[in-house]
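The structure appears below as structure tokens.
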Amino acid sequence: MSDTRMALMEAIARRRLLSATYNGETILLAPHMLYERHGDLFVSALNLSKNWRSEDERRLGQFKLAGLSAPAVQEDAFEPLPSYEPVAPREGDAIILAL
């Protein structure tokens with residue numbers, strides 16, 4: 001099992017923030033769900049590094065695990081988005097771990 005997958009599973013299970021490099025940028029994620037789509041792994045996460053106009057605008061983004069590197073589970077905890085429901089993003093997606 002990859003280090004990225006293990007770090008994400010720990011972050012989801014413990015509700016901890018995760019820092020990682022994605023497309024050359026360091027980002028801070030609040031991961032809500034790890035799932036598989038067509039044999040590839042993805043994470044649904046709130047990107048806390050993104051500038052949101054309002055709290056109501058915040059939503060989960062989908063990040064391919066193959067694009068994440070240098071993952072580090074942080075000690076800071078997070079609360080799931082109020083609108084979050086542990087449902088696969090698309091039909092055919094298989095949930096591996098969710099809040």
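The values are calculated or read from the model by the stated rules, or taken from the named source; none is laboratory data. Given the structure is predicted, the values throughout are model-derived calculations rather than measurements. Glycine also receives a Cβ, built like all others from the backbone with ideal geometry; neighbour counts cover every protein chain displayed.
Restricting attention to the range 1-32, report how many residues are assigned to a loop (DSSP other than H, G, I, E, B) and at pLDDT below 95. Outline the logic, then answer.
Pass one, the range 1-32, residues assigned to a loop (DSSP other than H, G, I, E, B): 1-2, 15, 23-24.
In the following step, the residues that additionally are at pLDDT below 95 were identified as 1-2, 23-24.
Total meeting the criteria: 4.
Residue by residue through the range 33-89, note down the ones that are basic (Lys, Arg) and surrounded by 15 or more Cβ atoms within 10 Å (Cβ to Cβ). Outline the logic, then answer.
The initial filter retains those residues of the range 33-89 that are basic (Lys, Arg), namely 37, 50, 53, 58-59, 64.
Hits for the range 33-89 are 37, 58.
Return a yes/no flag: does the range 67-77 have any residue that is on the phi < 0 side of the Ramachandran plot and assigned to a loop (DSSP other than H, G, I, E, B).
Let us first name the residues in the range 67-77 that are on the phi < 0 side of the Ramachandran plot, namely 67-69, 71-77.
If we keep only those that are assigned to a loop (DSSP other than H, G, I, E, B) too, we end up with none.
Checked against the condition, which is being on the phi < 0 side of the Ramachandran plot and assigned to a loop (DSSP other than H, G, I, E, B), the range 67-77 yields no hits at all.
If you check residue 69 against the conditions, is it of a type in the set (Ser, Thr, Tyr) and free of Cβ contacts under 8 Å to residues at least 60 places away in the same chain? First the steps, then the outcome.
Working: of a type in the set (Ser, Thr, Tyr): yes; free of Cβ contacts under 8 Å to residues at least 60 places away in the same chain: no.
Judged against the criteria, residue 69 is not a match.
If you go through the range 1-32, how many residues are under 24 Å from residue 82 (Cα atoms) and among the β-branched types (Val, Ile, Thr)?
Of the residues in the range 1-32, 2 are under 24 Å from residue 82 (Cα atoms) and among the β-branched types (Val, Ile, Thr).
Of the numbered conditions (1) farther than 14 Å from residue 97 by Cα; (2) touching a Leu at 6+ places or on another chain (Cβ under 7 Å), residue 43 satisfies every one except a single condition; which is it?
(1)
Residue under question is residue 35, and the condition is that it be at pLDDT below 95, under 16 Å from residue 8 (Cα atoms) and of a type in the set (Phe, Trp, Tyr); does it hold? Lay out the reasoning, then the answer.
On the way: at pLDDT below 95: no; under 16 Å from residue 8 (Cα atoms): yes; of a type in the set (Phe, Trp, Tyr): yes.
So residue 35 does not fit the description; no.
List the pairs whose first member sits in the range 4-29 and is without any contact (Cβ under 8 Å) to a residue 24 or more places away in the chain and within 14 Å of residue 50 (Cα to Cα), whose second member is of a type in the set (Gly, Ala, Ser) and assigned to a loop (DSSP other than H, G, I, E, B), and whose Cβ atoms are under 7 Å apart, counting only residues at least 6 apart or on separate chains?
27/49
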